[in-house]
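Student: One structure is given below, represented as structure tokens, and several questions about it will come after.
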Amino acid sequence: MQLTKSRNFFYASLVFLIGLASSDVRLLFNGSGWITCLVIVILFGLIYSVRRHQVIVLIVFFILGNIYAGLFVPKIDEGHVAFYYEKEIKFSGLVVEEPNRSDGKQKLSVQPQNLRGKILVWEEMYPEYNYGDFLEIECQLKKPEQLDGFRYDKYLARSNIYALCYQPKIKLLARDKGKFFVNAALKTKKYFESRLAKTVAEPQAALISGILIGSRQAIPKYLLSEFNQTGLTHIVAVSGYNITIMVAVFLNLSRYLSISRRKAFWLVVVILIFFAVLTGLSASVIRATIMGIVVLLAKQIGRISRAGNLLVLTAVLMALFNPRILLWDAGFQLSFLSTVGLIYFSPKLSKYFTWLPETFALRENFSNTLAAIIFTMPLVLFSFQRLSLVAPIVNLFVLPAVPIVMLVGFVQLVFSMINLFAGQIIGWFSWLFARYIIEVIGVFAALPFSTIPIRISFVGLMAAYLILIILTFGFGNFARKPECVIINIDK
């Protein structure tokens with residue numbers, strides 16, 4: 001079969017991604033995984049093309065991806081932190097990310113001044129350290145290890161962290177040595193958190209902060225547990241998964257409010273950029289924002305074939321900066337899969353929910369959310385070993401309130417900076433909707449069957465996605481889809 005240029009680009013990019021991932025697969029399975037990936041690529045080429053040279057081109061792209069990923073394997077010498085495992089060292093370094101504070105500890109991602117690779121420093125909660133602090137640290141470096149089958153070492157390596165430091169001796173040398181723009185964004189975020197805390201009672205204030213600016217650290221453990229049980233962690237997590245869903249919600253609400261598609265596009269782009277700045281411009285936030293913009297562009301251009309090319313090109317560009325995200329960054333994987341679900345699977349699902357009202361775009365939002373849940377479910381079962389049975393229903397009740405919380409919360413922030421009392425008055429309305437979300441989640445989380453433990457193997461994971469691909473595209477038809485297929489977003 002003669003493939004179009006568009007499809008040639010799509011499959012070459014997809015195979016390049018498989019090649020990038022195969023570098024780590026080879027390390028995990030002692031070479032057999034790499035051979036398996038190569039066999040898959042060859043079979044893939046034979047199914048979708050009868051031209052021998054096209055199969056050869058796919059193999060070349062696979063090998064190029066594998067070679068490129070190999071360039072990111074660190075060289076362990078005296079200039080790398082991994083060289084000093086089990087040794088007591090003293091170094092000066094910069095805190096390069098916003099500290100993660102939980103369970104009475106603060107975890108600092110530190111880039112040593114004269115070494116390659118980062119060190120994750122575990123310190124007591126006080127004194128508090130912040131992004132941009134320049135520290136002198138003395139401790140014994142430890143090698144990250146697997147934890148109960150979880151490749152914690154690989155998970156850290158995706159962020160270029162190769163050593164752990166416990167019970168350190170820390171001396172603060174200087175503050176505000178990080179990037180000016182990121183430092184300003186994080187300080188603004190802290191200021192916003194404090195204004196919200198002064199205008200709304202807890203735990204509603206923490207929830208509003210989580211939804212509006214991605215701040216989860218003040219949310220009580222019991223509430224986070226209920227979010228996990230009901231499959232709603234995405235509304236307070238800065239990831240492409242929650243952003244792609246929120247983009248779909250905002251677009252549908254804009255259409256319901258008779259806002260033109262072009263105006264809605266730019267409105268949501270501004271919201272995404274503003275959200276990224278507020279949450280500190282970390283790598284994960286930037287990736288999530290880019291994935292959200294991909295959903296916007298996919299809806300804007302309408303054509304499924306072009307949307308697919310845009311999605312796979314985005315994944316390639318992200319992986320070029322950091323190939324490890326393909327296998328070890330669950331946030332990237334969930335955002336990519338949820339985006340696939342929104343673009344391809346949601347239009348197929350929506351025809352089964354004509355019984356739902358179109359008021360506040362409930363029908364579209366439910367089909368979008370369900371598509372994202374279905375496409376991410378196998379990965380969730382494989383990675384986190386749990387299934388939320390109530391997630392689709394809870395999303396139906398909760399998602400319409402989330403944009404309202406974001407909008408009213410933003411107005412509340414603006415007024416609280418002008419006059420605290422005015423912010424408290426407006427905060428009553430955001431508190432009301434935040435309380436509604438908490439109550440709904442609490443009711444469903446209390447059900448004995450809300451979450452059940454399920455674990456699937458790697459083979460089960462692959463089989464699940466093979467079934468989803470067949471259900472979505474039809475066996476053997478993915479390459480043959482006509483270029484004129486349109487996503488109807490104006491119906």
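Student: My understanding is that a pair violates if its Cα-Cα distance is over 29 Å; which of Lys75/Lys142; Lys118/Lys169; Lys5/Lys154; Lys221/Lys263 do that in this structure?
Tutor: Lys5/Lys154; Lys221/Lys263
Student: Can you list the residues, at least 5 places off or on another chain, whose amide H is less than 5 Å from the amide H of Leu141, using H built in the peptide plane?
Tutor: For Leu141, whose amide H was placed from the backbone, the distant partners under 5 Å are Glu86, Lys87, Ile89.
Student: Taking the full set of protein chains and a 1.4 angstrom probe, give the accessible area of Tyr68 in square angstrom, rounded to the nearest 10.
Tutor: 70 Å²
Student: Using Cα-Cα distances under 8 Å and only pairs 6 or more residues apart, what relative contact order does the range 310-423 have, in percent?
Tutor: Relative contact order here is 19 percent.
Student: Determine the gain in length on full extension of the stretch Gln113-Phe384; use 0.36 nm per residue of separation and subtract their C-alpha separation, reporting nm with one decimal.
Tutor: Gain on stretching Gln113 to Phe384: 94.0 nm.
Student: Carbon and sulfur: what percent of the range 118-169's accessible surface (1.4 Å probe)?
Tutor: 48 percent
Student: Given a 1.4 Å probe and heavy atoms of the protein chains only, how would you sort Trp431, Trp328, largest accessible area at the top?
Tutor: The residues order as Trp431, Trp328, largest area first.
Student: Provide the gained length on full extension for the span Thr354 to Ala201, in nm with one decimal, where the gain is 0.36 nm per separating residue minus the Cα-Cα distance.
Tutor: Length gained between Thr354 and Ala201: 51.1 nm.
Student: How high is the FRET efficiency from Ser194 to Glu136, r the C-beta distance, R0 30 Å, rounded to 0.05?
Tutor: 0.50
Student: Before anything else, pin down the relative contact order of the range 84-185: Cα pairs under 8 Å, at least 6 apart, normalised by residue count, whole percent.
Tutor: Reported relative contact order: 31 percent.
Student: If each of Ser457 and Val411 carries a label point 7 Å out from its Cα toward its Cβ, how far apart are those two points in nm?
Tutor: The two pseudo-label positions are separated by 5.6 nm.
Student: Rounded, prolate or oblate: which one fits the range 74-175, using the alpha carbon gyration tensor with axes a ≥ b ≥ c (rounded when a/c is under 1.5, else prolate when a/b beats b/c, else oblate)?
Tutor: It comes out oblate by the Cα gyration axes.
Student: A follow-up question, please. At Glu124 and Asn228, where each label point lies 7 Å from the Cα along Cα→Cβ, what is the point-to-point distance in nanometres?
Tutor: 2.7 nm
Student: Can you give the accessible area of Arg175, probe radius 1.4 Å, in Å² rounded to 10?
Tutor: 110 Å²
Student: From the phi of every residue in the range 394-411, what ³J(HN,Hα) in whole Hz does the Karplus formula 6.51 cos²θ - 1.76 cosθ + 1.60 yield, where θ is phi - 60° and glycine or proline is x?
Tutor: 5, 4, 4, 7, 8, 4, x, 7, 5, x, 5, 4, 5, 5, 5, x, 5, 4
Student: From the phi angles alone, apply the Karplus equation (6.51, -1.76, 1.60; θ = phi - 60°) to the range 153-165 and give each ³J(HN,Hα) in whole Hz, x where the residue is Gly or Pro.
Tutor: 4, 5, 4, 6, 4, 4, 9, 6, 9, 10, 8, 10, 9
Student: Could you rank Tyr131, Tyr85, Tyr352 by how accessible they are, 1.4 Å probe, largest area first?
Tutor: Descending order: Tyr352, Tyr85, Tyr131.
Student: Rounded to the nearest 0.05, what FRET efficiency do Ile470 and Phe181 have when you use their Cβ-Cβ distance and R0 = 60 Å?
Tutor: FRET efficiency, Ile470 to Phe181: 0.85.
Student: I would also like to ask the following. Per 0.36 nm of contour for each residue apart, how much would the distance between Ser6 and Ala174 grow if the chain were fully extended, relative to their Cα-Cα spacing?
Tutor: Gain in length upon complete extension: 55.2 nm.
Student: Which cross-chain or sequence-distant (5 or more) residues have an amide H under 5 Å from the amide H of Val200, H modelled 1.01 Å from N in plane?
Tutor: none
Student: If each of Ile63 and Phe321 carries a label point 7 Å out from its Cα toward its Cβ, how far apart are those two points in nm?
Tutor: 3.0 nm
Student: Which FRET efficiency value, to the nearest 0.05, do you get for Asp148 and Asn419 by plugging their Cβ-Cβ distance into 1/(1 + (r/R0)^6) with R0 = 45 Å?
Tutor: So, using R0 = 45 Å, E works out to roughly 0.30.
Student: Moving on. How much accessible surface area, in Å² rounded to 10, belongs to the heavy atoms of Glu123 with a 1.4 Å probe?
Tutor: 30 Å²
The values are calculated or read from the model by the stated rules, or taken from the named source; none is laboratory data. Please read all numbers here as calculations on a predicted model, not as lab measurements. With ideal geometry, Cβ positions are generated from the backbone for all residues, glycine too; neighbour counts draw on all protein chains shown. In case anyone asks, the SASA skips ligands and DNA or RNA and just uses the protein heavy atoms, side chains included. Shrake-Rupley method; radii C 1.70, N 1.55, O 1.52, S 1.80 Å.
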